[in-house]
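> Sending over a structure as structure tokens; questions will come in a sec.
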């Protein structure tokens, strides 16, 4: 069932297994963070099964079987874990990231789009939740890959995890990490060619930054600890979602079109 699409309930059950494995010492904290991040962005049941194939006790149910959505409230554990784990993920990234300078500059367009040009990158840490920082991030993506089209992206204030659609083969994606540019080795996967994608160059950046600024008050989350942006598809249309949460796992989110029109709101109650 490699091509079977995963639901929110499937991802939640995978996250449950990861948490259980961490609680009883089968994986350490670094593995927990890495597997959780991958589970949150998994698109298929096969991807989820790979993340937990070495964690199940004998006789346990496999993730790659179709799952019932009745056992777990849709998306609940996902939302809680995203808010709780982002600070820890960021700490790990800071520890492993290499510094490449202190001055930010916009990367110029690449003349070779056949493969990533990872040498032409902005120097220094970008503030991705500012209009200027986000524009440089989009420019750096175009420079590195010859495209601004992504399958999905999770964008934190100073870090992003991005699923780039391979320009010459829309059935393929590569998951890259961005901090002071794109570096390291990507994880690679296959997607349905007709699936919705997001062109980051089409985003109304002022509207997105305004939504980020307003999110704590409008989503009724006090003492916010983390804010992040997710780019993906909602109802088969490209969308951007702003999430907020605090240390008490109080969280909320709202969804916008790329033009900045709000389409859904889930405040903390």
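The values are calculated or read from the model by the stated rules, or taken from the named source; none is laboratory data. For clarity, every value in this text was computed on a predicted model and none was experimentally measured. Cβ: placed from backbone, ideal geometry, glycine included. Neighbour counts: every protein chain shown.
> Residue by residue through region 229-241, note down the ones that are buried (at least 21 other Cβ atoms within 10 Å of the Cβ) and without any contact (Cβ under 8 Å) to a residue 60 or more places away in the chain.
240
> What are the residues in region 144-156 that are outside any strand (DSSP E or B) and touching a strand residue (DSSP E or B) at 6+ places or on another chain (Cβ under 9 Å), if any?
144, 145, 147, 148
> Going by what's in this entry, would residue 63 be described as at pLDDT below 75, assigned to a loop (DSSP other than H, G, I, E, B), under 22 Å from the mean Cα position of the chain (by Cα) and surrounded by 21 or more Cβ atoms within 10 Å (Cβ to Cβ)?
Judged against the criteria, residue 63 is a match.
> Looking at region 68-77, can you tell me whether even one residue there is in a loop (DSSP other than H, G, I, E, B), at pLDDT 70 or above and surrounded by fewer than 15 Cβ atoms within 10 Å (Cβ to Cβ)? Outline the logic, then answer.
Start the filter on region 68-77 by keeping residues that are in a loop (DSSP other than H, G, I, E, B), which leaves 68-75.
Retained after the next criterion (residues that are at pLDDT 70 or above): none.
Scanning region 68-77 turns up no residue that is in a loop (DSSP other than H, G, I, E, B), at pLDDT 70 or above and surrounded by fewer than 15 Cβ atoms within 10 Å (Cβ to Cβ).
> Still on this structure: Consider residue 170 against the criteria (1) within 19 Å of residue 230 (Cα to Cα); (2) crowded, with 16+ Cβ neighbours inside 10 Å: it satisfies all of them except one. Which criterion is unmet?
Condition not satisfied by residue 170: (1).
> Checking residue 262 against (1) over 23 Å from residue 194 (Cβ atoms); (2) crowded, with 19+ Cβ neighbours inside 10 Å; (3) modelled with pLDDT of 90 or more, which single condition isn't satisfied?
Only one criterion in (1) over 23 Å from residue 194 (Cβ atoms); (2) crowded, with 19+ Cβ neighbours inside 10 Å; (3) modelled with pLDDT of 90 or more is unmet by residue 262, namely (2).
> Give the residues of region 178-208 that are surrounded by 19 or more Cβ atoms within 10 Å (Cβ to Cβ) and outside any loop (DSSP other than H, G, I, E, B), sorted by residue number.
If the condition is that a residue be surrounded by 19 or more Cβ atoms within 10 Å (Cβ to Cβ) and outside any loop (DSSP other than H, G, I, E, B), then 178, 182, 198, 200, 208 are the ones that fit.
> Going by the conditions given, is residue 148 over 18 Å from residue 35 (Cβ atoms) and touching a helix residue (DSSP H, G or I) at 6+ places or on another chain (Cβ under 6 Å)?
Yes, satisfied.
> Another one. Only residues that are outside any loop (DSSP other than H, G, I, E, B) and under 19 Å from residue 238 (Cα atoms): list them for region 157-171, please.
At the first step, the residues of region 157-171 found to be outside any loop (DSSP other than H, G, I, E, B) are 159-165.
Of everything in region 157-171, those that are outside any loop (DSSP other than H, G, I, E, B) and under 19 Å from residue 238 (Cα atoms) turn out to be 160, 161, 162, 163, 164, 165.
> Please go through (1) farther than 25 Å from residue 124 by Cβ; (2) part of a loop (DSSP other than H, G, I, E, B) for residue 232 and return the number of the only condition it doesn't satisfy.
Here residue 232 clears every test but (2).
> Can I ask one more? Every residue in region 209-228 that is surrounded by 17 or more Cβ atoms within 10 Å (Cβ to Cβ), over 25 Å from residue 136 (Cα atoms) and out of contact with any strand residue (DSSP E or B) (no Cβ under 9 Å at 6 or more places or on another chain), please.
Listed by number, the list is empty, since nothing qualifies.
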